[in-house]
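The values are calculated or read from the model by the stated rules, or taken from the named source; none is laboratory data. On a predicted model such as this, the values are computed, not experimentally measured, just so you know. Quick reminder, even Gly has a Cβ in these numbers, built from the backbone with ideal geometry, and neighbours come from all protein chains shown. All accessible areas refer to the heavy atoms of the entire protein, side chains included, with ligands and DNA or RNA removed. Shrake-Rupley method; radii C 1.70, N 1.55, O 1.52, S 1.80 Å.
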Amino acid sequence: MKTITTDRVIIVGAGLGALYAALKLAPHPVVMISPEVLGEGASSAWAQGGVAAAMDADDSPENHAHDTMNAGAGTVDPKVADLVTREALDYILDLTTMGTPFDRTDDSRYVLSREAAHSFARVVRVKGDQAGDRIMAALIEQVRETPSVQVLEGTMALDLDVQGGRATGVAIQDASEERSAPVMLRGPAILLAGGGSGGLYALTTNPPRIRGQVIGMAARAGALIADAEFVQFHPTAMDVGEDPAPLATEALRGEGAILVNKHGTRFMQAIHPDAELAPRDVVARAIFAEVKAGNRPMLDTREVLGEAIKTQFQSVAAYCARNGIDPAIDPIPVAPAAHYHMGGIATNTNGRASINGLWVCGEASSTGLHGANRLASNGLLEALVYARICAEGIGQTLPTQKQAPLVELTFEEGGIPPVPEAVKKLRETMTQLVGMVRDRRGLIRALQIIALLEEANGDSPSFLNMCATATLIAAGALVRKESRGAHDRSDFPEPVVGPGKRSEMYLSDALAIRAQACEELT
Ligand code: SIN
């Protein structure tokens, strides 16, 4: 394989964590591996809610940490919850300085939205539902003006090279449909900031390219993976037949929107004292039960917002319009969809993975903040906090040299093209057998199917990365014999008594579990 060695820090990904880390590393030279033009196809840009931060005079980081731990169903690391929530305000101020036009009141205070399981209105937003997009736009503008940052748009990472226990390079290729032969890019440090796994599911709110590839790539290189089985399903993805499913932000429920079924029954009040603002896993399960019962659950914004939804939540209004729904007249059909992976590459409080020379931030990481159920709008916050931690940590390992030539990249033909049929089957398998409600039989069947798909498509590194993450999720779900947060086992419906435990697994462990599953008859 052709090799290029650079003095630039290699950042895999182009979402919020990647951009923020690149800026915080400046003037150290970096090169970003971005599958698309900056801003396109990143989960961060699709985030509607915003960034959670205790900014109300009566609120505090301690309250925020407490809500984070409550939502996380007993598996949040308190040190991490404290670290992240304590610093939240600084990031809001920094993003504001960088040009993010957060919504303000007439007297210049930040407008704070309420989202599920938050005890205060605490989500800082932009134009109601456009926080991700506007934050990303502000950072992209900064990145474009920062000479130390080189962005290789249209490239994707395939493999992580580890030598002597140290990550030394990333194999990359042209991300176009034709795909090129891979090129090995070697650099002094590698930061993985390449998103989660939601798109491994057929029903998802994640952009199409976000299919667990970065987690799988690290796992295949020997990195420790944590909490793989914890996948969050957003309760109110719009059930309109689009892939990915557009989101109807939780902030709508924060404004007072209610959930009803086709009989006009408001079903959440009977399930949880916080009704529509119960923790996300609780609401998702209730909506799923309505879907399964053929009761067509819907989000009703009519009374609380009426026509105002069209100006106050313009993204949601646009999704409705393109599907022929007028939310001022009709409720919006909803169903749960894979939204966020709490699990990922195990990362310590310095942002370091188990492999030397490897740092991780954002959804690809598992820091211990989210536990079994992420508190709404903590995802962008965590990406920011750990992007800075990683940038500082990496900066300390680098020589003082502040200049490096641009990476000159030319790709040659010879890559393995995508395998869309296998990806489709993998995604359907994940939704049907490793989705909202799991059981032993289904998980074993899923592991068998993943093994067959992997065997038949073993020459596609990108597909192998997806299969590695899928295997870790299914194997993790099989060995966690309890229901906790977003992980729901119909054959083990209660949480194990006592403190919740995070899980840790290498891919080799997950493959051994899969091999055993393959020997079983279902
Ligand atoms: C939402 O706006 O409902 C999503 C926010 C999040 O996932 O953090």
Requested in this report: Equivalent ellipsoid semi-axes for segment 193-313, as square roots of 5 times the alpha carbon gyration tensor eigenvalues: give them largest first, rounded to whole Å.
Outcome: 31, 16, 13
Query raised in the report: If you plug each phi of segment 442-457 into the Karplus form 6.51 cos²θ - 1.76 cosθ + 1.60 with θ = phi - 60°, what whole-Hz ³J(HN,Hα) values come out, in order, with x for Gly and Pro?
Result: x, 5, 5, 4, 4, 4, 5, 5, 4, 4, 5, 4, 5, 4, 6, 10
Query raised in the report: About the Cα centre of segment 402-473, what is the dipole size in debye to 20, counting +1 per Lys and Arg Cβ and -1 per Asp and Glu Cβ, all else neutral?
Result: 600 debye
Query raised in the report: Can you list the residues, at least 5 places off or on another chain, whose amide H is less than 5 Å from the amide H of Arg489, using H built in the peptide plane?
Result: Arg438, Ser483, Arg484
Query raised in the report: Given the C-alpha centroids of segment 247-273 and segment 131-210, what is the distance between them in whole angstrom?
Result: 37 Å
Report summary line: In debye to the nearest 20, the charge dipole size for the chain, taken about the Cα centre with +1 at each Lys and Arg Cβ and -1 at each Asp and Glu Cβ, equals 680 debye
Query - Burial order of peptide ranges 136-143, 152-159, 86-93 (average beta-carbon count within 10 Å, highest first) - result: 152-159, 136-143, 86-93
Query raised in the report: Tell me, what HN-Hα J-couplings in whole Hz come from the Karplus equation 6.51 cos²θ - 1.76 cosθ + 1.60 at θ = phi - 60° for each residue of segment 380-390, using x for Gly and Pro?
Result: 5, 4, 4, 4, 5, 4, 6, 4, 5, 4, 5
Report task. Could you pull out every residue, at least 5 positions away or on a different chain, whose amide H is within less than 5 Å of the one on Gly195? Hs are placed 1.01 Å off N in the peptide plane, and Pro or chain starts have none. Result -> Glu363, Ala364
Report summary line: Between the residues Pro279, Val291, Thr265, the Cα farthest towards the positive end of the dipole of segment 209-296, that dipole coming from +1 and -1 charges on the beta-carbon of Lys, Arg, Asp and Glu, is from Val291
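Rounded to the nearest 20 debye, what is the charge dipole size of segment 272-365 about its Cα centre when +1 sits on each Lys and Arg Cβ and -1 on each Asp and Glu Cβ? Each step should come with its number before you reach the end.
Details: 8 positive and 10 negative charges, 76 e Å.
Roughly 360 debye for segment 272-365.
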Query raised in the report: Hey, any idea what the orientation-averaged projected area of the convex hull of segment 422-522's Cα atoms comes to, in nm²?
Result: 6.4 nm²
Query - For the chain, with +1 on Lys and Arg beta carbons and -1 on Asp and Glu, the positive-most of Ile309, Tyr319, Leu464 along the dipole - result: Leu464
Query raised in the report: Taking a ≥ b ≥ c as the square roots of the eigenvalues of the Cα gyration tensor of segment 395-451, is the shape rounded (a/c under 1.5), prolate (a/b larger than b/c) or oblate?
Result: oblate
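Output the peptides 277-287, 430-440, 51-61 sorted from most to least packed, where packing is the average of other Cβ atoms within 10 Å over each peptide's residues. The partial results should precede the final answer.
On the way: 277-287: 23.7, 430-440: 20.8, 51-61: 18.4.
Per-residue mean Cβ counts within 10 Å order the peptides as 277-287, 430-440, 51-61.
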Query - Qualifying lysines (Cα of each under 30 Å from Cα of Lys481; at least 8 residues distant if same chain) - result: Lys79, Lys292, Lys424, Lys425, Lys501
Report summary line: Heavy-atom accessible area of Met505, protein chains in place, probe 1.4 angstrom, given in Å² to nearest 10, is 20 Å²
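Return the tail of the calculated pair distribution for segment 1-101, meaning the percent of Cα-Cα pairs more than 16 Å apart.
On the way: 3490 of 5050 pairs.
When all Cα pairs of segment 1-101 are counted, 69 percent exceed 16 Å.
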Query - Long-range amide H partners of Asp159 with built H, under 5 Å - result: Ala171
Report summary line: The whole-number value in µm²/s of the Stokes-Einstein translational diffusion coefficient for segment 159-231, with Rh from the Kirkwood sum over alpha carbon pairs at 20 °C and 1.002 mPa s, is 156 µm²/s
Query raised in the report: Round to a whole number: what % of the accessible area of segment 415-478 belongs to carbon and sulfur, probe 1.4 Å?
Result: 54 percent
Query raised in the report: segment 372-421: Rg/Rh from Cα coordinates, Kirkwood Rh?
Result: 1.20
Report summary line: Taking Lys and Arg as +1 and Asp and Glu as -1, residues besides Ala117 with C-beta under 12 Å from its C-beta add up to -1
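Find the Cα radius of gyration of the chain, compare it with 2.2 N^0.38 Å by division, and give the number to two decimals.
Working: Rg = 21.7 Å, N = 522, 2.2 N^0.38 = 23.7 Å.
Output field value: 0.92.
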